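The values are calculated or read from the model by the stated rules, or taken from the named source; none is laboratory data. Please read these numbers as outputs of a predicted model, since none were measured by experiment. Glycine also receives a Cβ, built like all others from the backbone with ideal geometry; neighbour counts cover every protein chain displayed. Heads up: the accessible areas ignore ligands, DNA and RNA and are worked out on the full protein's heavy atoms, side chains in. Shrake-Rupley method; radii C 1.70, N 1.55, O 1.52, S 1.80 Å.
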Amino acid sequence: MHIVSLALGGCLKAEPVRYGITEDTGGHITYVLGEMEALARRSDVRFAEIITRRFDEPKLGSAHAQHQEWISSKLAITRIDSGNPAYLSKEALRCDRQAFTTALIAELQSREPLPDLIHAHFADAADVAIQIERALGIPFVYTAHSLGMDKRAAMASPCQAIDARLAEENRAISGARAIIGSSRDECERQLVAYPSARIEKIHRLAPGIERGHESSRPSTAIDLIAPFLRDPTKPIVLAVARPVHKKNLARLVEAYGTSPHLREQSNLVILAGLRETLTSGEKEQLEVMRDLVDAIDCHDLYGSVAYPKSHTREQVQALYSLAARTRGVFVNPALMEPYGLTLVEAAAHGLPVVATKVGGPQDIVGELEHGLLVDPNDASDIAGAIERLISDRPFWERCSCSGRKKSLDMNWDRYAAGFRNIAANILEGRSGSVIRPSHLVVSDLDNTLTGCSNGVDRFARFLKRRHDFGFVVATGRSIVEARRLLREWGLPSPLGWITSVGSEIYLERSGNPTLDETFAKQISEDWEPERIDDLLADLPDLVPQAFYEQRSFKRSYFAKDAEQAAEIEKLLQSQGIRARVIFSHDCLLDILPIKAGKAAAMRHVAGMFGVTAQNVFAAGDSGNDADMLTVCENAILVGNHSSEIARLASRPNVYLSKRSNASGTLEGLLAHQRARRTRIRQKLELSA
Ligand code: GLC
Ligand code: MG
């Protein structure tokens, strides 16, 4: 497979990259390099090629004028000459785009064979990719990195430029075969807000971080900051971000400057890109630096704030190490952060974080459990969180350990495996032939299949052997998360997806899950989500789950206990609201339309495939599986089930597995089949 990554802006070259040297030389370059290096390492990738724009401005680096820069034997950067040798920033690039596209198509036309797939980074590259697909038939996938939708919502009076940007992003979303996002917020809230978005095309693939620097020598970092600081041994509060307004660095200085505790106990270190002087550079950079120095001046922070003018990649890594060694904190106070790779880098170094709750950090901090989320507009909230981490030693230790351990999973090889999987599906363009199974295995995902990879392999082998068994997923997760989990665990592709606790059904049609509108229509009857929202808005101890967990036919909360769940059910009834209340895992509460749920969805899917009830098998482990396990004739309760559904084990239709996870599901399938054969034999013997 020959994969092209296409990115037009910034100073894109092999490491060392001078991040922040221009406004557009930011995190997406780490992303493109990390992605392509990992793809090039795979034996099923023949060539990983990064394509960008050529420019000739020696002060930005001579590499940018080279037509081809080889990074390894299967990885190269190709630079296309648009005819204009100047470096262009994002806005100016627009005027150059047509010339660039024409030159790139001409270059590709001269090649044999053509690349198989293009990964377009940002909407401008997607626009180029749309034209390439039209001219040469090469499909593309799209990664937005940062979308304009939220920006528009925040504007008092939206201007033409932002509307044009949204339209361009919408075209990218519409034209791409698949869209790859990093965070749940990006995938399930931001992207789906675009008119052309279809959730079935959106995949979440978490980027990795560059490894191997976790033990960088802190001494290289000391040279960078010692000249600024009176006592460089105090805990370091560290921020690393480009000098642009949305990174909100001045607010961090304010938070630090107004906290006597932080001023006394810590140093603040801010790496805000690279600069020659405080008076030269791009306009936004100048403004940001002026605000920063102004705030330092205003709070009189000399001797305790460092803001070095340049740094190398190694020094940044060393600074993370040093900050961790001083028991400091990494802070990302951005007004909006699409993902937040630096938070993963901090985690890898064992450095706890305080991060904006707006955007991707929610997922990262949720997953790595290595710090606190804050409101980026509230300086005292930011200061309070940093103070807590610096003064609560056991808490700091827990965050440090957790981040170090859990971040090991976030690596580029894992990303590349997922990417290759998505690419293969696009290129194979799976045939649209409908498979007609005679049996269905409807199974929950978390802990019913996931948990042990040996079990997953055995389960997958069973399905491969038994073509008469169709596999259907039935999960509480959203479709995007369900697909990610399946990919990461190497589970077989299902024929259908029951997601969001049985409130959505997707059936596989020509390689893409497609929403079952009939089911949606059926369950929409009597569904009054606004009344539910109003009624439950101010209940004590009831906290709504994240925004993206609230789906068209599902409202989800964290509840105190089973009693509270029962009270809520009564409350809804007393108001004449018809809805189902489902409680699981001691704290998760879902409210669904009266006709929805995993059981109803399972019946619907069985009907779609014409499989009779006696040939349907259902496996589960927790509260949201209860209805399905109650009505299914061949129900399987895996050994590792939660106590909330233990009572189901005594039902005659339920097989209680000795084994856990996927092995338990497989054990139950085989046991039900054996029991069935025995019954048939006995019947035959009786009638003989
Ligand atoms: C999944 C969903 C969550 C739900 C839970 C229990 O984790 O993401 O919203 O509450 O399942 O059904
Ligand atoms: Mg489960």
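Any residue that is over 21 Å from LYS234 (Cα atoms) and open to solvent by 50 Å² or more (accessible area, probe 1.4 Å) - is there at least one of those in segment 343-354? No, because not a single residue in segment 343-354 is over 21 Å from LYS234 (Cα atoms) and open to solvent by 50 Å² or more (accessible area, probe 1.4 Å).
So, GLN682, is that one at pLDDT below 95 and closer than 21 Å to LEU449 by Cβ or not? Reasoning before the result, please.
Details: at pLDDT below 95: yes; closer than 21 Å to LEU449 by Cβ: no.
It is false that GLN682 is at pLDDT below 95 and closer than 21 Å to LEU449 by Cβ.
Quick one: in segment 554-586, which of the residues that are touching a helix residue (DSSP H, G or I) at 6+ places or on another chain (Cβ under 6 Å) and under 25 Å from ALA193 (Cβ atoms) is nearest to ligand 1 (Cβ to nearest atom)? Looking at the filtered set, the residue picked out is SER556. Return yes or no: is ASP446 within 16 Å of ligand 1 (Cβ to nearest atom) and either modelled with pLDDT of 95 or more or in contact with a Lys or Arg (Cβ under 7 Å, 6 or more places away or on another chain) (or both)? Yes. For segment 655-677, give me each residue that is open to solvent by 50 Å² or more (accessible area, probe 1.4 Å) and of a type in the set (Val, Ile, Thr). If the condition is that a residue be open to solvent by 50 Å² or more (accessible area, probe 1.4 Å) and of a type in the set (Val, Ile, Thr), then no residue fits. Please enumerate the residues belonging to segment 44-98 that are in contact with a Pro (Cβ under 9 Å, 6 or more places away or on another chain) and of a type in the set (Phe, Trp, Tyr). Matches in segment 44-98: PHE47, PHE55. Within this structure, GLU15 fails the test of being of a type in the set (D, E, K, R) and within 20 Å of the chain's Cα centre (by Cα). Inspect segment 625-644 for any residue being of a type in the set (Asp, Glu) and either in contact with a Leu (Cβ under 7 Å, 6 or more places away or on another chain) or under 19 Å from GLU504 (Cβ atoms) (or both) and give the result as yes or no. Among the residues of segment 625-644, at least one is of a type in the set (Asp, Glu) and either in contact with a Leu (Cβ under 7 Å, 6 or more places away or on another chain) or under 19 Å from GLU504 (Cβ atoms) (or both), which makes the answer yes.
Taken as a whole, the structure leaves ALA197 outside the set of residues that are aliphatic (A, V, I, L, M) and crowded, with 22+ Cβ neighbours inside 10 Å. Of ILE180, ILE173, ILE202, ILE138, all but one fail to be open to solvent by less than 10 Å² (accessible area, probe 1.4 Å), hydrophobic (A, V, I, L, M, F, W, C) and more than 30 Å from ASP409 (Cα to Cα); the exception is ILE138. Scanning segment 598-654 for residues being surrounded by fewer than 24 Cβ atoms within 10 Å (Cβ to Cβ), more than 15 Å from ligand 1 (Cβ to nearest atom), of a type outside the set (Asp, Glu) and in a loop (DSSP other than H, G, I, E, B) gives a total of 8.
The condition of being in contact (Cβ under 8 Å) with a residue 24 or more places away in the chain and more than 16 Å from ligand 2 (Cβ to nearest atom) holds for only one of ALA562, ALA599, ALA566, ALA537, that being ALA562. Please find, among ARG531, ARG555, ARG509, the residue that is basic (Lys, Arg), free of Cβ contacts under 8 Å to residues at least 60 places away in the same chain and surrounded by fewer than 18 Cβ atoms within 10 Å (Cβ to Cβ). Of the residues listed, the single one that is basic (Lys, Arg), free of Cβ contacts under 8 Å to residues at least 60 places away in the same chain and surrounded by fewer than 18 Cβ atoms within 10 Å (Cβ to Cβ) is ARG531.
If I filter segment 75-83 for residues that are basic (Lys, Arg), in contact with a Leu (Cβ under 7 Å, 6 or more places away or on another chain) and open to solvent by less than 50 Å² (accessible area, probe 1.4 Å), do I get at least one hit?
The first filter runs over segment 75-83 and keeps only residues basic (Lys, Arg), leaving 79.
Adding the requirement that they be in contact with a Leu (Cβ under 7 Å, 6 or more places away or on another chain) leaves none.
No, segment 75-83 contains no residue that is basic (Lys, Arg), in contact with a Leu (Cβ under 7 Å, 6 or more places away or on another chain) and open to solvent by less than 50 Å² (accessible area, probe 1.4 Å).
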